[in-house]
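The values are calculated or read from the model by the stated rules, or taken from the named source; none is laboratory data. Here the structure is a predicted model, which is why all the values come from computation and not from measurement. Counting neighbours? That spans all protein chains shown, and the Cβs are built from the backbone with ideal geometry, glycine included.
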Amino acid sequence: MFRFIALSSILILALDSCKKDPEKLWKVEIKETAEKVEITDISKEFYDAKIPLDQFKTRFPWFQGTVSDADFEKRRADAEEIKIYKEAAGKIDQTKLQKELQGLFSHIRYYFPKFKNPKVYLFSSALQMAQDPIIYDADGNQLFIDITGFMGDGNANYKGLELYFQKSMNLQNIVPKVSQIFAENIVTESPDHQKFIDQVILNGKIMMLQDAFLPDTPDYLKMNYTQKQYEWAVANEANIWNYFVEGNLIFGDDPRLVERFITPGPFSKFYTEIDNVSSPQIGIFTGWQICKAYFKQKPETKLVDFLKLDATKIFNESGYKPK
């Protein structure tokens, strides 16, 4: 009897080991890298007094928007704006950024062969858009990066800005946030599915794309977390899940659940004593873990096919039950 149990245990372990580690699923060989990424610093030319306004407008006709020429000229000579731009630009290593974006775009194209590199523009909003610094124009295939959104946690220019925003306003957050924008552009939301599980899995799918696009990037950066926030989420994964289950929240349709557990904020809202120490957007973290569990069960699933799956199907077949 003992030998039978022992042999069964060995077989179970062997079969379990055959299930590919989800973390290794995305370690792929990129045989064809994306074309070279070209980066243009719009603000470098905008604040250059030697470049006539008409010449600048001809080169970047969409940049002025509805601002009058008179106001545009004033901004070009604004000493405070120029100071902020120079400080932000001085922190950017364009060669390093170009290489990292090249890697990101190569991985996106590996999974989505029709993907074409966007035109990449750096610019300074003089902090006006610092909290939402990445813009992707799908129609024109243009990517805009507001460099004043990455001047560093605690930067003097961020005085008055909520601390939880500042935690992901560092140079190392640029590429993960760019990746997130493209992932969000790929994953589609169904208006017919408004339960909490739908939002959790929707965001989990986005995070799985982050894994595929940035296989060598630390997980905490993909979540816009600090290392400490990520460690808290990992350490409390089972407790978080138990809270959701015991409160019958998983298949709940209360729209406030999104605000409590998915919307950006300083922490997640359990309405308990742990709120102030909890990590924000814990619903996204949970959705990510459910999707990882699904791939552990079904590692042969193609990424594009996975994205088409219904949230309930992913949940039911994931076998997710953290301990």
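Computed quantities for the displayed model
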item	result
Filter result (of a type in the set (A, V, I, L, M) and free of Cβ contacts under 8 Å to residues at least 40 places away in the same chain) within the range 104-134	Met129, Ala130
The range 193-220, residues that are modelled with pLDDT under 95 and polar (S, T, N, Q)	Gln194
Any hit, the range 200-212, residues being touching a helix residue (DSSP H, G or I) at 6+ places or on another chain (Cβ under 7 Å), touching a residue at least 24 places away in the same chain (Cβ under 8 Å) and not in a helix (DSSP H, G or I)	no
Residue in the range 225-245 that is within 20 Å of the chain's Cα centre (by Cα), closer than 30 Å to Phe115 by Cα and in the same structural domain as Ile201 (by the TED database) present	yes
Residues located in the range 262-291, provided they are without any contact (Cβ under 8 Å) to a residue 40 or more places away in the chain and part of a helix (DSSP H, G or I)	Asp275, Asn276
Hits in the range 217-259 - residues which are of a type in the set (D, E, K, R) and either part of a helix (DSSP H, G or I) or out of contact with any Phe, Trp or Tyr (no Cβ under 9 Å at 6 or more places or on another chain) (or both)	Asp219, Lys222, Lys228, Glu231, Glu237, Glu246, Arg256, Glu259
Members of the range 141-166 that are touching a residue at least 60 places away in the same chain (Cβ under 8 Å) and surrounded by fewer than 19 Cβ atoms within 10 Å (Cβ to Cβ)	Gly152, Asn157, Glu162, Leu163, Tyr164, Phe165
In the range 59-112, residue surrounded by the most Cβ atoms within 10 Å (Cβ to Cβ) [restricted to those that are assigned to a helix (DSSP H, G or I) and small (Gly, Ala, Ser)]	Ala88
Check on Asp253, under 22 Å from the mean Cα position of the chain (by Cα), modelled with pLDDT under 95, over 16 Å from Met207 (Cβ atoms) and not polar (S, T, N, Q)	no
Residues (within 9 Å of the chain's Cα centre (by Cα), surrounded by fewer than 21 Cβ atoms within 10 Å (Cβ to Cβ) and not hydrophobic (A, V, I, L, M, F, W, C)) located in the range 174-185	Lys177, Glu184
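Yes/no per residue for (1) part of a strand (DSSP E or B); (2) closer than 30 Å to Phe267 by Cβ; (3) more than 18 Å from the chain's Cα centre (by Cα); (4) aliphatic (A, V, I, L, M):
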{"site": "Tyr121", "(1), (2), (3), (4)": "yes, no, yes, no"}
{"site": "Ala130", "(1), (2), (3), (4)": "no, yes, no, yes"}
{"site": "Tyr136", "(1), (2), (3), (4)": "yes, yes, no, no"}
{"site": "Asp139", "(1), (2), (3), (4)": "no, no, yes, no"}
{"site": "Leu143", "(1), (2), (3), (4)": "yes, no, no, yes"}
